[in-house]
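Report on one structure; see the data block that follows.
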Amino acid sequence: MRIILFIILSFLLIKSSFAVDSVKYDYNDALELLADSNYSEAVEAFNYLVAENPIDIKLYFQRGNAWFGLQKYDDAIADYEIASRFDIKDPEMFFKLGYCYYMRKDIDEAVKRLNKCTELDPKYFEAYLLLSEIYLTVDDYNKAVENLDLAGTIAPASSKIPYSIGNIKFGTKDYKEAINYYKKAIAIDSTKPVYFYKLGVAYGELKDSVNSIFYLNKSISKEPSNALFMYSLGYVFTIFGKYDNAINTYSNLLNLKKIDIAPSLVYKYRGISYLKKGEYDNAINDFDFALRLNPVDTQAILHRGIVAFERGNDSAALDDFNKAIEIDPLSTTAYVHRGNIYLKLSQYQNAEDDFRKAVELQPEDTFILYSMGNYQLFKENYNDAITYYNKALNNDPNYKIVLENRGIAYFNIGYFRLAAFDFENAMKYNPKLVDKLKPLYIDAKIKAGM
């Protein structure tokens with residue numbers, strides 16, 4: 001039997017086919033290295049031991065633990081699978097094996113191994129929590145709740161229970177309830193940075209910039225080197241128009257020794273912040289760098305095209321918008337911006353085709369409706385323009401940029417009272433429009449008898 005096992009295992013031992021001549025280890029040495037979290041040296045020790053005795057199955061199990069500690073999940077899976085085939089029945093091993101498959105996004109295998117863990121130990125709390133998290137990622141909320149309930153019967157006082165319920169509420173977009181549960185988790189255990197992070201993200205979804213920024217900063221204060229926390233804070237700053245803060249946060253993130261976020265994303269969003277500030281050279285540099293790292297990032301291409309358009313470089317802008325549509329034929333933003341360029345170049349049919357394509361793809365998008373309204377205004381189709389402007393404002397009542405052009409459309413069809421109302425509110429929203437709109441406002445009031 002030992003000879004058969006040796007034959008079966010020999011071709012699996014790619015990483016274990018050598019002995020370390022300079023250093024010799026015994027099993028206790030290797031276990032001590034593992035216990036001390038010296039995972040790299042532990043792997044070296046187990047490599048030596050496996051080469052010496054390739055049919056000792058427990059060596060594969062323990063080397064798998066060392067690979068797991070190094071987050072080398074493929075290597076851990078290879079060793080754990082060998083151990084599991086030869087009758088190692090350790091619930092922790094199956095939990096870690098399930099986790100490894102989850103990190104590889106192999107959901108079916110992850111669930112299978114975690115179920116094996118709970119079969120061996122029905123009170124393995126962490127396995128139920130991980131199963132709940134996995135089912136949450138595939139939107140199976142019933143099974144997520146079912147496993148969370150099982151975890152709750154084992155450790156009802158754990159902070160991980162309300163935290164996981166918060167994640168389920170977050171997954172169903174019930175952000176207010178998610179916030180309540182995250183706060184309950186923090187009340188039980190305020191040492192977990194991720195609790196503050198998720199609380200900040202949930203507030204962000206509710207457009208509560210003050211609390212979102214506060215709790216994201218809190219998470220970073222507890223774990224300053226966490227790239228995800230910093231990236232999320234930078235993104236929130238960008239979304240809420242705090243562009244200087246966003247730029248500083250993204251720059252600090254890029255200075256971290258270890259970045260778990262794709263750097264192309266960081267450069268792209270820092271570029272967007274530069275664009276919003278009108279710092280076009282910095283924006284272009286960041287978009288170009290992002291695209292060197294990820295040449296098919298549609299958003300980076302689009303925003304680089306927007307910079308070119310703002311600078312009056314229609315040819316470069318058109319090239320980028322064409323490229324964006326080539327990569328993503330469903331990119332509504334690209335169609336809208338390309339339509340604006342066609343309009344500027346007096347290519348009216350191409351402009352109309354692009355605007356209509358954008359509306360067809362995303363009929364409820366505020367910017368698209370506004371752009372289509374502008375096209376209809378340009379074509380002197382004033383009633384159609386008003387229809388699109390009204391839809392844009394119905395979507396977002398704070399989209400005050402619409403008021404100026406809707407006022408012009410009302411003025412041109414003789415609805416002077418409505419025109420005056422829009423001009424007045426447009427000037428309140430943007431005082432820079434006073435010189436332009438005040439004569440029209442006065443004229444509209446006179447003609448309306450106001």
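The values are calculated or read from the model by the stated rules, or taken from the named source; none is laboratory data. No experiment lies behind these values; they were computed from the predicted model shown. A quick note on method: Cβ atoms are made from the backbone with ideal geometry, for glycine too, and the neighbour counts reach across all protein chains shown.
Looking at the range 405-420, which of its residues are closer than 22 Å to Met372 by Cα and either out of contact with any Leu (no Cβ under 8 Å at 6 or more places or on another chain) or of a type outside the set (Phe, Trp, Tyr) (or both)?
Correct list: Asn405, Arg406, Gly407, Ile408, Ala409, Asn412, Ile413, Gly414, Tyr415, Leu418, Ala419.
Are any of the residues in the range 319-337 modelled with pLDDT under 95 and at positive phi?
Looking for residues that are modelled with pLDDT under 95 and at positive phi, one finds none in the range 319-337, hence no.
When you check Glu364 against the structure, is it in a loop (DSSP other than H, G, I, E, B) and farther than 29 Å from Phe240 by Cβ, yes or no?
It is false that Glu364 is in a loop (DSSP other than H, G, I, E, B) and farther than 29 Å from Phe240 by Cβ.
Is the range 295-311 home to any residue that is in a loop (DSSP other than H, G, I, E, B) and either touching a Leu at 6+ places or on another chain (Cβ under 7 Å) or of a type in the set (Lys, Arg) (or both)?
Taking every residue of the range 295-311 in turn, at least one turns out to be in a loop (DSSP other than H, G, I, E, B) and either touching a Leu at 6+ places or on another chain (Cβ under 7 Å) or of a type in the set (Lys, Arg) (or both).
Would you check if there is a residue in the range 123-140 being part of a loop (DSSP other than H, G, I, E, B) and of a type in the set (Lys, Arg)?
Looking for residues that are part of a loop (DSSP other than H, G, I, E, B) and of a type in the set (Lys, Arg), one finds at least one in the range 123-140, hence yes.
Only one of Lys116, Lys173, Lys207 is of a type in the set (D, E, K, R) and either over 21 Å from the mean Cα position of the chain (by Cα) or in a helix (DSSP H, G or I) (or both). Can you tell me which?
After applying the criteria, what remains is Lys116.
So which residues in the range 121-145 are touching a Pro at 6+ places or on another chain (Cβ under 8 Å) and under 23 Å from Asp75 (Cβ atoms), if there are any at all?
The one that is touching a Pro at 6+ places or on another chain (Cβ under 8 Å) and under 23 Å from Asp75 (Cβ atoms): Ala127.
Find the residue count for the range 321-355, including only residues that are more than 16 Å from Leu369 (Cβ to Cβ) and crowded, with 24+ Cβ neighbours inside 10 Å.
Matching residues across the range 321-355 total 4.
Give the residues of the range 394-428 that are within 17 Å of Lys447 (Cβ to Cβ) and not in a helix (DSSP H, G or I), sorted by residue number.
Matches in the range 394-428: Ile413, Gly414, Tyr415.
Of the conditions (1) in contact (Cβ under 8 Å) with a residue 24 or more places away in the chain; (2) closer than 30 Å to Ile188 by Cβ; (3) among the aliphatic types (A, V, I, L, M), Leu114 fails just one. Which one is it?
Every listed condition holds for Leu114 apart from (1).
Assess whether Ser212 counts as being farther than 25 Å from Glu310 by Cβ, at pLDDT 95 or above, more than 13 Å from the chain's Cα centre (by Cα) and surrounded by 23 or more Cβ atoms within 10 Å (Cβ to Cβ).
In short, yes.
Take Lys116 and tell me if it is of a type in the set (Lys, Arg) and over 17 Å from Ile161 (Cα atoms).
For Lys116, the condition - of a type in the set (Lys, Arg) and over 17 Å from Ile161 (Cα atoms) - is met.
Just give me the residues in the range 387-404 being surrounded by 21 or more Cβ atoms within 10 Å (Cβ to Cβ) and either of a type in the set (Gly, Ala, Ser) or under 15 Å from Ile368 (Cα atoms) (or both), in sequence order.
Hits for the range 387-404 are Tyr388, Tyr389, Ala392, Val402.
Which residue is farthest from Asp297 (Cα to Cα), if the candidates are limited to the range 356-383 and must be of a type in the set (A, V, I, L, M, F, W, C) and buried (at least 19 other Cβ atoms within 10 Å of the Cβ)?
The residue in question is Leu377.
Under the condition of being under 35 Å from the mean Cα position of the chain (by Cα), of a type in the set (D, E, K, R) and in a helix (DSSP H, G or I), which residue from the range 22-78 is surrounded by the fewest Cβ atoms within 10 Å (Cβ to Cβ)?
Among those that are under 35 Å from the mean Cα position of the chain (by Cα), of a type in the set (D, E, K, R) and in a helix (DSSP H, G or I), it is Asp74.
Spot the failing condition for Asp106; the list is (1) touching a residue at least 60 places away in the same chain (Cβ under 8 Å); (2) under 28 Å from the mean Cα position of the chain (by Cα), and only one is missed.
Asp106 satisfies every listed condition except (1).
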